[in-house]
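Inspection log for the structure reproduced underneath, given as structure tokens.
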Amino acid sequence: MGGTFDPIHFGHLVTAEASRAAFGLEQVIFIPSGNPPHKQDRTVTPAEHRYLMTVLATSTNPYFRVSRTEIDRVGPSYTVDTIEELRGVVGPDTLIYFITGADAVMELMTWNRPQDILAQCELIAATRPGYPPADFQRLRQAIPQVSAARVHTIEVPALAISSSDIRRRVESGEPIKYLVPETVEQYILKSSLYERPRTAGGHGHGRLAEMWL
Ligand code: ATP
Ligand code: MG
């Protein structure tokens, strides 16, 4: 499961666990992105913070792992490179599923080398509020015939949680309790993530954390 995870939240975790159970997955590997090509429009939190939050959030699930491959990669990180790298590690006989939310999967055809992604793995697209199942019809139409059978859909409890909403909440002082694991909430507070940018000359823990990471 790839993502920016800025921060990771219960929407990601529920989706991963539901996919694991429904498809009998041996493990779910969370892959925080390095320099996400789709999110050039805003400043993404330094990768080490996002990686650590992902580790904290997944540590209690024995099936969950976190990979550093994209954050350690130099240059833009593309899903296709990650999948091909993973294929090299697990060999030709292991089935790989790429887990995404419905919003992300709808953009698949705009990603780098979508055909090569679909050649190496099957997709699990989780429904998300605002993305009714009818949209998957459009996706199946957009994807060439040969790949259609490799796109699966899964219904997860309608979680309207998003990282953008969590960032907005922190910035405006609203609670994020029960939207993210407690360890992640504490990490966000401790590292002063997502607080309103300080004016020049201001000093806060956020600036300190940035200096050290
Ligand atoms: P942002 O609001 O910044 O876009 P996000 O909450 O969508 O963040 P990402 O890191 O962009 O989180 O998402 C990683 C993957 O998880 C994507 O495939 C996305 O569709 C999926 N996803 C995110 N939130 C949910 C949710 N609540 N339920 C199911 N899937 C989700
Ligand atoms: Mg998103």
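Quick note: the coordinates plus some simple rules give every number you see, no bench work behind them. All figures in this text were calculated on a predicted structure; none of them were measured in a lab. Every residue, glycine among them, receives a Cβ derived from its backbone with ideal geometry; neighbour counts consider all protein chains shown.
Evaluating 6.51 cos²θ - 1.76 cosθ + 1.60 at θ = phi - 60° for every residue in the stretch 91-96, the Karplus couplings come out as x, x, 8, 8, 7, 10 Hz, glycine and proline recorded as x.
What does the net charge come to around Ala57 if you take all other residues with beta carbon closer than 14 Å to its beta carbon, with K and R at +1 and D and E at -1?
Working: positive: Arg50, Arg65; negative: Asp6, Glu17, Glu182, Glu185.
Combined, the nearby Lys, Arg, Asp and Glu give -2.
Apply the Karplus curve 6.51 cos²θ - 1.76 cosθ + 1.60, θ = phi - 60°, to the phi angles in the stretch 51-56 and return the couplings in whole Hz, x for Gly and Pro. With coefficients 6.51, -1.76 and 1.60, one gets 5, 4, 5, 5, 5, 4 Hz. Amide H to amide H distances under 5 Å link Phe98 with Glu122, Leu123, Ile124, where only residues 5 or more positions off or on other chains count and H is placed in the peptide plane. Among the GluC sites (Glu not before Pro) in the stretch 17-113, those placed in a DSSP loop whose Cβ has at most 16 other Cβ atoms within 10 Å are Glu26, Glu107. Sites listed here are trypsin sites (Lys or Arg not before Pro) in the stretch 21-104 whose DSSP assignment is loop and whose Cβ has at most 12 other Cβ atoms within 10 Å: Arg42.
Give the shape of the stretch 1-125 as rounded, prolate or oblate, defined through the alpha-carbon gyration tensor: a ≥ b ≥ c are the square roots of its eigenvalues, a/c under 1.5 means rounded, and otherwise the shape is prolate if a/b is larger than b/c and oblate if not.
Values: a/c = 1.39, a/b = 1.05, b/c = 1.31.
Note, shape of the stretch 1-125 comes out rounded.
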